[in-house]
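Asks: There's a structure below that I have some questions on.
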Amino acid sequence: MLLRLAALLACLAGPALAESVSFPADSQYEGAPVTLDATLQGPSGPGPHPAVILMHGCGGLQPAVAEALDIHAKALNDAGFVTLVLDSFGPRGIGGGHVCETYERLRRARSYRMQDAHDAKAFLLSQPQVDGANIFVMGQSNGGSVTIRLSQRDTREFRALAAYYPWCGAFNRLGAKAELTTPLIVFGGAADDWVPPDDCTTITAEGADYAVHVYPGAAHSFDLQIPEQTFQGHLVGNNPEAETDSRAKMIAFFKSHLVGP
């Protein structure tokens, strides 16, 4: 009876409040040390719970992006996951689309943000409410390209990964084949004229689970709560069906790769 009452009270308590946290980046940026900022929140109760690191795109953690990631985070919290929404650009003094402007900045961001994901994992491993055996990553756009890179590391460092409208050229491949060490799910829009999902749909991935879902009529940034518009010469904006369906599929994919009790 007491156990049932405790479980009921935990459910009624709802998710934990969001908490602003900071932790050091392992590498410097422009010769200076970096302290990464993030928002941590999760389900009620001590856990341990699985956790998801959420990574923004090349535009940085702008208001519409922060809102979209918060919506994803709350859905993941409701599904039993701790979430960590990571800001890679603010602490480095960049944002507002600066990284989006050149391929070299995008390439460099993919590199240091892979390390950011590992720094975020190290932080989560220090949290008693986090199940260290079940840490996942979700990324939008440039953050999605980071997850593609992470999926091909020599060792499996995360349970599974999700890429929202990534640059599919991030695959290391020989011909049309890519070797994965970590399960990966990709979501793209058929109307994305910035990073079309074609390479993600035609590639053959081996070594770990791989799934691709392309939504008709959806443009880049289809999970942002903004009407379709032009940003840096490309169509971006919300597609309700793609947003809702992709989130449900991401959560199901992550749950299918949980380990342990």
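Since every read-out is calculated from the coordinates, none of them should be taken as a lab result. Just so you know, these numbers come straight off a predicted model, no measurement behind them. Cβ placement follows ideal geometry from the backbone for every residue including glycine, while neighbour counts extend to all protein chains displayed.
Asks: Once a ≥ b ≥ c are taken as the square roots of the eigenvalues of the Cα gyration tensor of the chain, is the result rounded (a/c under 1.5), prolate (a/b larger than b/c) or oblate (a/b not larger than b/c)? Provide the component values of the computation, followed by the final result.
Replies: Numbers: a/c = 1.44, a/b = 1.35, b/c = 1.07.
It is rounded, given that a/c, with a ≥ b ≥ c, falls under 1.5.
Asks: With the Cα gyration tensor of the range 185-261 giving a ≥ b ≥ c as the square roots of its eigenvalues, does the rule (a/c under 1.5 for rounded; else a/b larger than b/c for prolate; else oblate) give rounded, prolate or oblate? Write out the running numbers ahead of the final one.
Replies: Values: a/c = 3.01, a/b = 1.58, b/c = 1.90.
Oblate, because a/c is 1.5 or more while a/b does not exceed b/c.
Asks: While we're here: Give the separation of the Cα centroids, the range 81-111 to the range 195-247, in Å.
Replies: About 19 Å separates the Cα centre of the range 81-111 from the one of the range 195-247.
Asks: Then there's this: Would you pull out the residues with amide H under 5 Å of Ile226's amide H, same chain only if 5 or more places away, H placed 1.01 Å from N?
Replies: Amide H neighbours of Ile226: Asn238.
Asks: Assigning unit charges at the beta carbon (Lys, Arg +1; Asp, Glu -1) and nothing else, what dipole magnitude in debye, to the nearest 20, does the chain show about its Cα centre? Intermediate values should be presented prior to the final figure.
Replies: Values: 18 positive and 27 negative charges, 114 e Å.
Result for the chain is approximately 540 debye, rounded to the nearest 20.
Asks: Further question on the same structure: Tell me, which longest segment in the chain has none of the trypsin sites (Lys or Arg not before Pro) that fall in DSSP loops with at most 16 further Cβ atoms within 10 Å? Before the final figure, lay out the partial values.
Replies: Numbers: sites that count: Arg153, Arg156.
Counting at most 16 other Cβ atoms within 10 Å as exposed, the longest clean stretch of the chain is 1-152.
Asks: Under 5 Å between amide H atoms, partner at least 5 residues away or on a different chain: which partners does His257 have, H built in plane at 1.01 Å?
Replies: none
Asks: Non-local amide H neighbours of Ala190 (under 5 Å, H modeled in plane, Pro and chain starts lacking H): which ones?
Replies: Here the answer is Tyr215, Gly217, Ala218, since their amide H atoms fall under 5 Å of that of Ala190.
Asks: On to the next question. Sort the range 49-156 into rounded, prolate or oblate with this rule: let a ≥ b ≥ c be the square roots of the eigenvalues of the Cα gyration tensor; rounded if a/c is under 1.5, and if a/c is not under 1.5, prolate when a/b is larger than b/c, oblate otherwise.
Replies: oblate
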